[in-house]
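Trainee: Encoded as structure tokens, here's the structure I'll be asking about.
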Amino acid sequence: MERTRFDRVAGLVFDFDGLILDSESPGYVAWSEVFTAHGCALPFEKYSACIGTVNGFDLHNYLEQQEVSAKGQYPAAVILSCIDSRAPAETIMDLGIGDCFNARVAGNIANADILGSMEFACKLAGAKVVLVMGHTSCGAIKGAIDNAQLGNLTGLLAKIRPAVDATEYSGERSAKNYGFVDAVARKNVELTMADIRQRSAVLAEMQTSGAIKIVGAMYNIQTGVVEFLR
Ligand SMILES: [Zn+2]
């Protein structure tokens, strides 16, 4: 099979760099449809003239993307993800300059400022998908499980606690149990999606009218898989 960047964006499975997308889930379908429907189409098509090839692998040409996007931005999505250095959303999703908004905060929770940012992204700047992306082995989730106390972090972790309490899990409920940590992270994505709908009348109305879709995903830092939640 010939390996191209388009195939990677289209969600086909590769082994050469370990980045894999679950291409059959409704969330991924929403994610890929929006790039097609957004006028700028898939990032590959949008920047087809901006992609070079090195050693057989297609790469972004960030300089050209910067110059193209300087005239105006038409991002397809807004992503809410964690600050974890191993989970940079644009890199994981193979996106370039101008492709998406990205709000990053420990534990990918929504607060008023992030909701305001998302409302700007969707209502004023035309983004069509709100993607909440959690990840495995999340330190913020572990901190919330342990009730860690540290300066302003205490208040942030308190926003994750509802996910800890709401997670149904039969094994050991501790931060040392990665199975539990990842189950809480997944629940936290679900609750954050619900929180966005509940606390943002702007985004809830846009979702109801079909103007946007709100989807969730989990990034597995061990395997490189982005799993869209069903
Ligand atoms: Zn994290």
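Values quoted throughout were computed directly from the atomic coordinates according to the rules given, and no laboratory measurement underlies them. Quantities reported herein were computed from a predicted structural model and do not represent experimental measurements. Glycine gets a Cβ as well: all are built from the backbone with ideal geometry, and neighbour counts include every protein chain shown.
Trainee: With θ set to phi - 60° and the Karplus curve 6.51 cos²θ - 1.76 cosθ + 1.60, what are the ³J(HN,Hα) couplings of region 73-78 in order, to the nearest whole Hz, using x for Gly and Pro?
Mentor: 10, 9, x, 7, 8, 10
Trainee: Enumerate the calculated ³J(HN,Hα) couplings along region 84-95 in order (Karplus 6.51 cos²θ - 1.76 cosθ + 1.60, θ = phi - 60°), each rounded to whole Hz, writing x wherever the residue is Gly or Pro.
Mentor: 3, 5, 8, 10, x, 4, 4, 5, 4, 8, 6, 9
Trainee: If packing is taken as the mean number of other Cβ atoms within 10 Å per residue, what is the order of 83-90, 131-138, 149-156, highest first?
Mentor: Highest to lowest by the protection proxy: 131-138, 83-90, 149-156.
Trainee: Listed highest first by mean packing, meaning other Cβ atoms within 10 Å per residue, what order do 178-186, 120-128 come in?
Mentor: 178-186, 120-128
Trainee: What are the ³J(HN,Hα) couplings of region 192-205, residue after residue, when phi is run through the Karplus curve with 6.51, -1.76, 1.60 and θ = phi - 60°? Round to Hz, x for glycine and proline.
Mentor: Once θ is set to phi - 60°, the couplings for region 192-205 become 5, 4, 5, 4, 4, 5, 6, 9, 10, 4, 4, 6, 4, 5 Hz.
Trainee: In addition: Between region 72-91 and region 166-181, what is the separation of their alpha carbon centroids in Å?
Mentor: 27
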